1. State, to one decimal in nm², a quarter of the convex hull surface area for the C-alpha atoms of the chain, i.e. the direction-averaged projected area.
2. Taking Cα pairs under 8 Å and at least six residues apart, what relative contact order does the chain come out at, in percent?
Amino acid sequence: MNAPAAEGPYVRGAHAAGTLSIGFWDHWVPGANKASQDLCEQWAAKEKVDVSIDYITSQGNKNLLTIAAEAQARSGHDIFAFPTWQPADQANRLEPVDDIMAELIKQNGAVNPTVEYLARSGGHWMAVPAAVG
């Protein structure tokens with residue numbers, strides 16, 4: 001997305017929370033990436049967070065290679081949209097998200113048992129289930 005240049009420097013206010021980097025699967029359906037980008041930008045504006053989004057193709061398993069490389073480097077995206085089986089495969093390298101899931105379950109009810117099986121490991125939620133596209 002291109003934006004016109006401003007006259008002076010842009011300075012974020014005192015309540016800014018910094019930058020959050022997100023790695024999403026590069027969806028093959030036209031417009032799908034734009035939809036997730038718009039949602040993230042709306043949330044970021046509300047939360048006063050800068051968001052940097054990378055759309056990573058699954059062609060040649062680049063998304064899986066990126067997950068493995070970032071895990072090995074212990075550096076990379078703050079949030080990464082994992083394919084279905086990857087949360088369990090990477091569980092020892094992920095931070096539990098039990099607090100987030102507890103609130104979501106409280107608001108929306110229990111998740112499907114298959115989804116729970118895929119997103120939990122060792123008694124902890126290791127991923128927040130989400131649809132892509």
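1. Numbers: hull surface 41.9 nm².
With the hull built on Cα positions only, its mean projection is 10.5 nm².
2. Numbers: 127 pairs, mean separation 35.1, N = 133.
Once normalised by length, the contact order is 26 percent.
Each reported figure results from applying straightforward, stated rules to the coordinates on display, with no laboratory input. Computed from a prediction, not measured in an experiment: that's the story for all the values here.
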